Each structure stands twice: as C-alpha cells, then as structure tokens.
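Visitor: Questions regarding the structure given below will be posed in turn.
The values are calculated or read from the model by the stated rules, or taken from the named source; none is laboratory data. What you are looking at is a predicted structure, and each value in this text was computed from that prediction instead of being measured. Positions of Cβ are generated from backbone atoms using ideal geometry, with glycine treated the same way; all protein chains shown enter the neighbour counts.
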Amino acid sequence: MTPYALTVDAGVRDLRAADHLLHALAAELALPEGVFGCTHLVQGDRPRVVVSLALPSPLPRTARERLTARGHEVADSLPDAVGRAVIYPGVAALTGTMTIADLLARSAIDRVTVLGTPGRPDPRTPLVTRDHVRPQWQDGALVLAAMPAVGGTLVPFEVPDPTPCCADH
C-alpha cells in the first residue's frame, strides 16, 4: 500500500521550528502509529522548511480545513524524496546509548553510515543517540548518518542543539 502524502508549508525558516511544528501537528491531529513526519528544505526566491506527513490514509477534511485556516499551504504530495525524518516508527525508543543492531531493530531506520568510512559500521558498535536521531531518506531507504565519537562510539551527525551561525559575533 502506498501511503497518503501531505505537505504543509507554514513559512517556517529553520529546522528546529519545523521539528516543533511536526510534533505539534502529530499531537493535534492525533496521528496514528506508523506515520512518517519529515522536514524538507525549499530553495529559491523564498527559502524555507516545509514539513511532510506520510500517512496510511488521508487526513479528514476537517483537519485539512484547520491547517488552511491557520494560513498553512497544504498540498497532496511530497516536495521531494529526501526528507529528514523527525517522526517515524520507533523514534521514541531511540534514547541513551544502544548498539547499531538495536537501533535498526527498534526503528524504521534501514541502515547507518559513518562519515569518512566506506563500509557499514559493526552492528555491535555503540551509538550515543543524544535523544536526537534524524535519519534522511536516500533512494527509498531511511539512513542515519553518524560520526565517530569518544571511546569507539558513534553519534548521529546532527546535533540536538546546534550553535547558531555567527553566535560569537
């Protein structure tokens, strides 16, 4: 079954705000298990971050009406095929430190890559999640980019609280 796709453009300009929007939408719309909520960067004359939801069935008309009443643009499609997943099956279980094998078994993530290395990491390698695991869609697979860390562990490439550009100015 191909899921129903919906894109919401709320004029958000940064990833953190888009993450919050996805969580707010999931709570407000009481989305079912198995939903994927992603962020997508939109370039061009109006750069922004839009969010998408992949659902097992369409949202009720009343939910769409609530979104558009708030001034959000709603489209029945995905903006691209490379979204950054924020909400996905198993994400709530990805806390603390776990092995790559556990991460793959507990979530919808298909594989882990490590920056600067050609192969896949050993499944027994510990991953310190920092409670912030944001994989991306690549060729139809949900892939987490990780990087080496202290003591032979890995951490997700994306940090939970990035330092804003030019923070020291």
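Visitor: For Ala81, are the conditions met, namely being in contact with a Gly (Cβ under 9 Å, 6 or more places away or on another chain), within 29 Å of Leu55 (Cβ to Cβ) and modelled with pLDDT under 95?
Guide: The answer is yes for Ala81.
Visitor: Still on this structure, I have one more. Of all the residues that make up segment 63-92, how many are of a type in the set (A, V, I, L, M) and more than 22 Å from Leu15 (Cβ to Cβ)?
Guide: Summing the residues that are of a type in the set (A, V, I, L, M) and more than 22 Å from Leu15 (Cβ to Cβ) in segment 63-92 gives 2.
Visitor: Let me ask something else. Taking the stated definitions as given, is Ser57 exposed (fewer than 13 other Cβ atoms within 10 Å of the Cβ), in contact (Cβ under 8 Å) with a residue 12 or more places away in the chain and either outside any strand (DSSP E or B) or not β-branched (Val, Ile, Thr) (or both)?
Guide: Considered against the rule, which asks whether it is exposed (fewer than 13 other Cβ atoms within 10 Å of the Cβ), in contact (Cβ under 8 Å) with a residue 12 or more places away in the chain and either outside any strand (DSSP E or B) or not β-branched (Val, Ile, Thr) (or both), Ser57 comes out as yes.
Visitor: Take Val159 and decide whether it is under 18 Å from the mean Cα position of the chain (by Cα), modelled with pLDDT under 95 and either outside the structural domain of Asp19 (by TED's automatic domain parsing) or surrounded by fewer than 18 Cβ atoms within 10 Å (Cβ to Cβ) (or both).
Guide: When the stated conditions are applied, Val159 passes them.
Here is a yes/no grid of residues against (1) acidic (Asp, Glu); (2) in the same structural domain as Leu127 (by TED's automatic domain parsing); (3) more than 28 Å from Asp110 (Cα to Cα); (4) surrounded by 20 or more Cβ atoms within 10 Å (Cβ to Cβ):
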{"residue": "Ala18", "(1), (2), (3), (4)": "no, no, no, yes"}
{"residue": "Phe36", "(1), (2), (3), (4)": "no, no, no, yes"}
{"residue": "Arg61", "(1), (2), (3), (4)": "no, no, yes, no"}
{"residue": "Val82", "(1), (2), (3), (4)": "no, no, no, no"}
{"residue": "Gly96", "(1), (2), (3), (4)": "no, yes, no, no"}
